[in-house]
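Heads up, the thing below is written out as structure tokens.
The numbers here are math on the coordinates, done by the rules we state, and not lab data. Note that the structure is a prediction, hence the values are computed from the model and not measured. For neighbour counting, all protein chains shown are included, and Cβ atoms are generated from backbone atoms with ideal geometry for every residue, glycine included.
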Amino acid sequence: MPKLFGVFISYGRKDSKDFAIQLNDELTKQGFRVWFDLNDMPRATEFQKEIDEAIEKSHNFVFIIANHAVKSEYCYQEIELAVKLNKHIILSRFKKSDFLPKSDFYRLSINCG
């Protein structure tokens, strides 16, 4: 039986790695089963395949909005797959940005039917 996750965290390591670690720790403390690359991706693996499988096995997809992440081709591919799979997408802002000015968390429901 495949291992399922409640949350997949997508982020850009360059500028939001520490925040992603804190988010992972907090969600885990609250009882969520989180897929987080620093904890769940084996070394010497086909990382894109591992990430794609983790997104497929996760109910929710959290995207941490930060300058590096919104420009990252890898993050774009992750979001694209989450949308294709009709995942619940939750946006989390890292620091103040022009992308989402008012709140720290946003829930985005996307119907890809």
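Which of the listed residues, 7, 54, 66, is farthest toward the dipole's positive end in the range 5-108, when Lys, Arg count +1 and Asp, Glu count -1 at the beta-carbon?
Checked the options; the winner is 66.
Between residue 8 and residues 5 or more places away or on another chain, which pairs have amide H atoms under 5 Å apart, with H built 1.01 Å from N, and which residues are they?
Result for residue 8 returns 35, 60, 61, 62.
Looking at the range 5-108, what % of its DSSP beta bridges pair antiparallel, to the nearest 5?
Numbers: 4 of 17 bridges.
For the range 5-108, the DSSP antiparallel bridge percentage is about 25.
Using θ = phi - 60° and the Karplus curve 6.51 cos²θ - 1.76 cosθ + 1.60, what whole-Hz ³J(HN,Hα) does each residue of the range 72-88 get, with Gly and Pro shown as x?
Residue by residue, the range 72-88 yields 7, 5, 5, 4, 4, 4, 5, 4, 4, 5, 4, 5, 4, 8, 6, 6, 6 Hz.
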